[in-house]
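**Student:** Sending over a structure as structure tokens; questions will come in a sec.
The values are calculated or read from the model by the stated rules, or taken from the named source; none is laboratory data. Just so it is clear, the model here is predicted, and its values are computed rather than measured. Neighbour counts run over all protein chains shown; Cβ positions are idealised from the backbone, glycine included.
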Amino acid sequence: MTTTTTDYLLHAQDISKHYGAVVALRSASLAVRPGEVHALMGANGAGKSTLVKILTGAVRPDGGTIMVRGRERTAHSPAEARRGGLVSVYQEPALIPDLDIFSNLRLTETPIEPFRHWLEELGLPDLDLSAMARTLPLASLRIIDLARALAIDPDVLMLDEMTAALPANLTERVLEVLNRMRGGSSSVIFISHRMTEIGSVCDRATVLREGETVGVVDVGEGSAERIVELMLGEAVDQQEALAERHHVVAPEQRKHTPRVSVRNLALNTRLKDVSFDLYEGEVLGVVALEGQGQDELFDVLSGWERPHSGEIFVNGQQVSFRHPADAIRAGLVFVPADRAEALLMQRSVRENIALPFSSRLPRWGWIRKKKEHQTVSHSIEKLQIDTRAQGEVRRLSGGNQQKVTIARWVASGVETLLCFDPTRGIDIRTKNQIYVLLRELADSGAAILLYTSELSEIPLVCDRAIVIFGGEVVGEVDARHADEPTLLKAAHNIGTEKEMAEAVSETTTVPLGPETDEEEEAPS
Amino acid sequence: MSAAVSTSARASAGWSTSLVSALRRSGWTISLLGILAVLLLITKAIQPTFGASGIQGLAISVMPLALASVAQAVVVIARGIDLSVGSMMALTSVVSAALMEGRSETAAIGIVLGVLLLGLLLGAVNGTLIVVTRVPDIVVTLAMLFVWAGCALLVMETPGGASAQWLRSLTSGPLLSSWIPKAAVVMLLIVAVIWLPIRRSRLGLSLYAIGSEPLAAFRSGISVGRTKIFAYMLTGLFSAFGGLSLTATTGIATPVPGPYTLMSVAAVVLGGVSLSGGRGGVFGPIVAVVILSLLRTIMTFLNVNTNLATVVQGFILVGVVMVGSLIQLRRSRR
């Protein structure tokens, strides 16, 4: 214990990992001090997930050493890592959908009382432990997963994109808990793409680029810029370019008939009464907190669900979708947050891109391979998809997968694009590329409806934004001049007397708001 | 320590809510029992002489298939499938009958235990091959279907052998009342004594876990491979019980496997176990077996051509499962 070789709780050195010809990790190092919250940063494909998998024993490294409390250790399975005090919470919760929460806890031998304590701390005090995991919303499952990890008092807690797609109030509780853990005996490895979160809870940050550790930064004033610089290498200017181009666009070139008109749409209890117009050439943002009916809205527009009431018009003509194919035929195409919903994971990049327009060909007869090939190559180039592992989409990084889902619609000539949180869990560089692409598509005449869980994206990409609260449209904002605090207030529906009280208490506990724009937008 | 905490938590959950959720979870089995009751009434209406002896006969004829379907249910819950159930039953049956022929009643006890061990071993071979080679379950067990069936023929080329008297008496005749067949009681006891403790243990949860979501199970610290092998061992064990029940109910053994494998898959599906794993139990399939068998009986009473009866049975299977999934769909929509 008193070895002077290292004061680190966890020390990984020169970790390398190859998958065939693809190098996932070249030489990654990570040193975590006791009691610190340590950020692990890197663009998509930089090797973060691989490093996490190696630390938790899910994947075996080709080279390098891992020391825990100064002793060398190799875990061969998550169970072993867990016993060694290293617990992780993944992007997809590791709860068994067909078991109730109680059984899930028993499965991991988690003591109940501390678990309940942490649930309370994290803002889910009334959870019914006999509820089946599959019946709970994703956000709750994430919190449960985190509480379960905290309950066994781990030495090192690893959080992989824990806050992605978590509603603002829960995110805040998570950050609060992390903050309180600082200076204690255990450490946290925190992975997030949100700079503000890094700034508010982390002590230091290790930055990976192309499988290598390129720097360790003390988090503080101006560190965000330093981190972004390290992450991106040279290409930092894109977002600025985007901001410029943005102001050149004239948004008022509206035609008389909107591309898509939605009137009084309702579905289940979530979506109550939504109406809006979407014009060609614009990106219309949807501002909403988690679960305000935006999921249902996109489900209806993409033909997944049929609305209980309300009307949809495309180019002035009323339509009703019985199947996603109807929506696609009407020119409404969908990019979901979860790439797995949209892609054939075991097929090639090319096939995935070609799928929608191949299926438009006559049912009988050959697919014209050559024509297909050209179109596909064009969109791969346009979106700068990394094609090193193009044989199977599931081997691509998350950002590249998302590009493929967009590319397939670009290839077939997009009219109306419905993007539901398309940048969820994607690094800044790829995000930038997606923003630029969305703007370009809009400029060339496409109509784009964009919901995003990151409010800072709204002023960056959108022309206008509608605010949905409690299943109804409660307002519209000029997105180009809206800053994040304004949007956040709008999302909480501050303004109507009824919600005033709760909303005020909500905003006063959001210290993260005002900083976001600067840090995310222009790291010059 | 965790055990103490867990019991207190269970108590705090309250009896009424846990009862309600238990009822909801076994809703499928309960409705199957309803169908069964209706079918019994129909049988009685068509054939007024159908009574205690009819029930006895039904229980005895149903026993091997019921055990086969329990065997199948266990692997299917763990997201596997075992096409060698019928062959394992044939093999364990011929081994038991061959060994018991001419041996004493007490020696038969050892033989029965040995045959059960053999079942565990056969299952372990199946499971290990699947886990180690990573060849899909359906391919491995299809291959093992031939291996075990061949072994059975090596042991005994023609039907023969014998059963110990105590083993035979375990499955014949009534218990306490003439309406309670001993075969049914013994079968339910076997299943309850083996399955219920497992179902409640961490191992049982692991079976459901790897069937429901293997990745999440792995991340929860479960050894997916080991759990899978365990599932196949249990299947082997229940198949051995099935084989013993064949020997016990007929008094001899037949080396050629009966139609148990595919019937067991049918019963598992009808019994409310999801073929994609993670959902269902073993008692639903048992009820399903009785229903399938009773349908045959009814059609026999109605003088339906036996081949036509098979066709009808198939359609009923599809129909019931379809209705079931429609109900499930409705429920998940709500």
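**Student:** If a residue has to be in contact (Cβ under 8 Å) with a residue 60 or more places away in the chain and part of a loop (DSSP other than H, G, I, E, B) to count, how many in the stretch A:154-166 make the cut? Talk me through it step by step, then tell me what you get.
**Tutor:** The initial filter retains those residues of the stretch A:154-166 that are in contact (Cβ under 8 Å) with a residue 60 or more places away in the chain, namely A:154-162, A:164-166.
Adding the requirement that they be part of a loop (DSSP other than H, G, I, E, B) leaves A:154-155, A:161-162, A:164-166.
Of the residues in the stretch A:154-166, 7 are in contact (Cβ under 8 Å) with a residue 60 or more places away in the chain and part of a loop (DSSP other than H, G, I, E, B).
**Student:** Related question: Could you look through the stretch B:217-234, keep only residues that are among the hydrophobic types (A, V, I, L, M, F, W, C) and buried (at least 24 other Cβ atoms within 10 Å of the Cβ), and pick out the one that is farthest from the other protein chains (Cβ to nearest Cβ)?
**Tutor:** B:234
**Student:** Additional query: Scan the stretch A:167-179 and give yes if some residue there is away from every other protein chain (no Cβ under 12 Å), in a strand (DSSP E or B) and in contact (Cβ under 8 Å) with a residue 40 or more places away in the chain, otherwise no.
**Tutor:** Checked against the condition, which is being away from every other protein chain (no Cβ under 12 Å), in a strand (DSSP E or B) and in contact (Cβ under 8 Å) with a residue 40 or more places away in the chain, the stretch A:167-179 yields no hits at all.
**Student:** From the list A:484, A:457, exactly one residue is among the acidic types (Asp, Glu) and either modelled with pLDDT of 85 or more or touching an Asp or Glu at 6+ places or on another chain (Cβ under 6 Å) (or both). Which is it?
**Tutor:** Criteria check complete, one pass: A:484.
**Student:** Now a separate question. Please go through the stretch A:57-78 and pick out each residue that is among the β-branched types (Val, Ile, Thr) and under 13 Å from residue A:15 (Cα atoms).
**Tutor:** A:59, A:65, A:66, A:74, listed by residue number.
**Student:** Only residues in the stretch B:267-284 that are more than 12 Å from residue A:98 (Cα to Cα) and among the β-branched types (Val, Ile, Thr) count as the first member; pair them with residues that are modelled with pLDDT under 90 and surrounded by fewer than 24 Cβ atoms within 10 Å (Cβ to Cβ), Cβ under 6 angstrom, at least 6 apart or cross-chain, and list the lot.
**Tutor:** The qualifying pairs are B:269/B:321.
**Student:** Sticking with this one: Could you tell me whether residue B:101 is over 23 Å from residue B:189 (Cβ atoms), acidic (Asp, Glu) and touching a residue at least 12 places away in the same chain (Cβ under 8 Å)?
**Tutor:** yes
**Student:** Give me the pairs: first residue in the stretch B:105-118 and more than 16 Å from residue B:161 (Cα to Cα), second residue surrounded by 13 or more Cβ atoms within 10 Å (Cβ to Cβ), beta-carbon distance under 7 Å, and six or more apart or on different chains, which are they?
**Tutor:** Close Cβ pairs satisfying both conditions: B:116/B:237; B:116/B:240; B:118/B:92; B:118/B:95; B:118/B:240.
**Student:** May I ask you to list the residues in the stretch B:214-237 that are within 30 Å of residue B:66 (Cα to Cα) and polar (S, T, N, Q)?
**Tutor:** B:223, B:227, B:235
**Student:** Considering the stretch B:250-292 alone, what residues qualify as being within 14 Å of another protein chain (Cβ to nearest Cβ), surrounded by 22 or more Cβ atoms within 10 Å (Cβ to Cβ) and small (Gly, Ala, Ser)?
**Tutor:** Within the stretch B:250-292, the first condition is being within 14 Å of another protein chain (Cβ to nearest Cβ), and the residues that meet it are B:272-281.
If we keep only those that are surrounded by 22 or more Cβ atoms within 10 Å (Cβ to Cβ) as well, we get B:272-273, B:277-278, B:280.
Result: B:272, B:277, B:278, B:280.
**Student:** Tell me yes or no: at least one residue of the stretch B:229-244 is among the hydroxyl-bearing types (Ser, Thr, Tyr), on the phi < 0 side of the Ramachandran plot and modelled with pLDDT under 95. Give the steps one after another, and end with the answer.
**Tutor:** Step one: filter the stretch B:229-244 for residues among the hydroxyl-bearing types (Ser, Thr, Tyr), giving B:232, B:235, B:239.
Pick out the ones that are also on the phi < 0 side of the Ramachandran plot and you get B:232, B:235, B:239.
Adding the requirement that they be modelled with pLDDT under 95 leaves none.
No, every residue in the stretch B:229-244 fails to be among the hydroxyl-bearing types (Ser, Thr, Tyr), on the phi < 0 side of the Ramachandran plot and modelled with pLDDT under 95.
**Student:** What number of residues within the stretch A:78-131 satisfy the criterion of being more than 7 Å from chain B (Cβ to nearest Cβ), aliphatic (A, V, I, L, M) and assigned to a helix (DSSP H, G or I)?
**Tutor:** Summing the residues that are more than 7 Å from chain B (Cβ to nearest Cβ), aliphatic (A, V, I, L, M) and assigned to a helix (DSSP H, G or I) in the stretch A:78-131 gives 4.
**Student:** If you don't mind, another one. Has the stretch A:17-39 got at least one residue that is on the phi < 0 side of the Ramachandran plot and within 14 Å of another protein chain (Cβ to nearest Cβ)?
**Tutor:** No, the stretch A:17-39 has no match at all.
**Student:** For residues in the stretch A:132-166 being acidic (Asp, Glu) and under 19 Å from the mean Cα position of the chain (by Cα), which is farthest from the other protein chains (Cβ to nearest Cβ)?
**Tutor:** Here the answer is A:161.
**Student:** Tally up the residues in the stretch B:79-116 that are among the polar types (S, T, N, Q) and touching a Cys at 6+ places or on another chain (Cβ under 9 Å), please.
**Tutor:** Taking the stretch B:79-116 and keeping what is among the polar types (S, T, N, Q), we get B:84, B:87, B:92-93, B:96, B:104, B:106.
After this cut, where a residue has to be touching a Cys at 6+ places or on another chain (Cβ under 9 Å) as well, the list is B:87.
Counting residues in the stretch B:79-116 that are among the polar types (S, T, N, Q) and touching a Cys at 6+ places or on another chain (Cβ under 9 Å) gives 1.
**Student:** What number goes with the only condition from (1) in contact with a helix residue (DSSP H, G or I) (Cβ under 9 Å, 6 or more places away or on another chain); (2) surrounded by fewer than 24 Cβ atoms within 10 Å (Cβ to Cβ); (3) within 19 Å of residue B:295 (Cβ to Cβ) that residue B:69 does not pass?
**Tutor:** In the conditions (1) in contact with a helix residue (DSSP H, G or I) (Cβ under 9 Å, 6 or more places away or on another chain); (2) surrounded by fewer than 24 Cβ atoms within 10 Å (Cβ to Cβ); (3) within 19 Å of residue B:295 (Cβ to Cβ), residue B:69 misses (2) alone.
**Student:** Does residue B:237 satisfy the condition of being among the hydrophobic types (A, V, I, L, M, F, W, C) and more than 14 Å from chain A (Cβ to nearest Cβ)?
**Tutor:** Yes, satisfied.
**Student:** May I ask you to list pairs of residues, at least six apart or on different chains, whose Cβ atoms are under 6 Å apart, with the first in the stretch B:175-204 being over 18 Å from residue B:70 (Cα atoms) and the second being surrounded by fewer than 16 Cβ atoms within 10 Å (Cβ to Cβ) and modelled with pLDDT under 90?
**Tutor:** From residues that are over 18 Å from residue B:70 (Cα atoms), the pairs are B:178/B:52; B:179/B:52; B:182/B:173; B:182/B:175.
**Student:** Considering the stretch A:80-102 alone, what residues qualify as being more than 19 Å from residue A:190 (Cβ to Cβ) and either without any contact (Cβ under 8 Å) to a residue 12 or more places away in the chain or outside the structural domain of residue A:54 (by TED's automatic domain parsing) (or both)?
**Tutor:** Once the filter is applied, which keeps residues that are more than 19 Å from residue A:190 (Cβ to Cβ) and either without any contact (Cβ under 8 Å) to a residue 12 or more places away in the chain or outside the structural domain of residue A:54 (by TED's automatic domain parsing) (or both), the stretch A:80-102 yields only A:83.
**Student:** Only one of these conditions is not met by residue B:97: (1) buried (at least 21 other Cβ atoms within 10 Å of the Cβ); (2) outside any helix (DSSP H, G or I). Which number is it?
**Tutor:** (2) is the only condition that residue B:97 fails.
**Student:** So, in the stretch A:47-77, of the ones that are within 13 Å of another protein chain (Cβ to nearest Cβ) and part of a loop (DSSP other than H, G, I, E, B), which residue ends up surrounded by the fewest Cβ atoms within 10 Å (Cβ to Cβ)?
**Tutor:** Step by step, filter the stretch A:47-77, then rank; the result is A:76.
**Student:** For the stretch A:403-444, name all the residues that are modelled with pLDDT of 85 or more, small (Gly, Ala, Ser) and surrounded by fewer than 23 Cβ atoms within 10 Å (Cβ to Cβ).
**Tutor:** None - no residue of the stretch A:403-444 is modelled with pLDDT of 85 or more, small (Gly, Ala, Ser) and surrounded by fewer than 23 Cβ atoms within 10 Å (Cβ to Cβ), so the list stays empty.
**Student:** Have a look at A:142, A:134 and point out the one that is touching a Leu at 6+ places or on another chain (Cβ under 7 Å), at pLDDT below 90 and in a helix (DSSP H, G or I).
**Tutor:** On the way: A:134 fails: touching a Leu at 6+ places or on another chain (Cβ under 7 Å).
Of the residues listed, the single one that is touching a Leu at 6+ places or on another chain (Cβ under 7 Å), at pLDDT below 90 and in a helix (DSSP H, G or I) is A:142.
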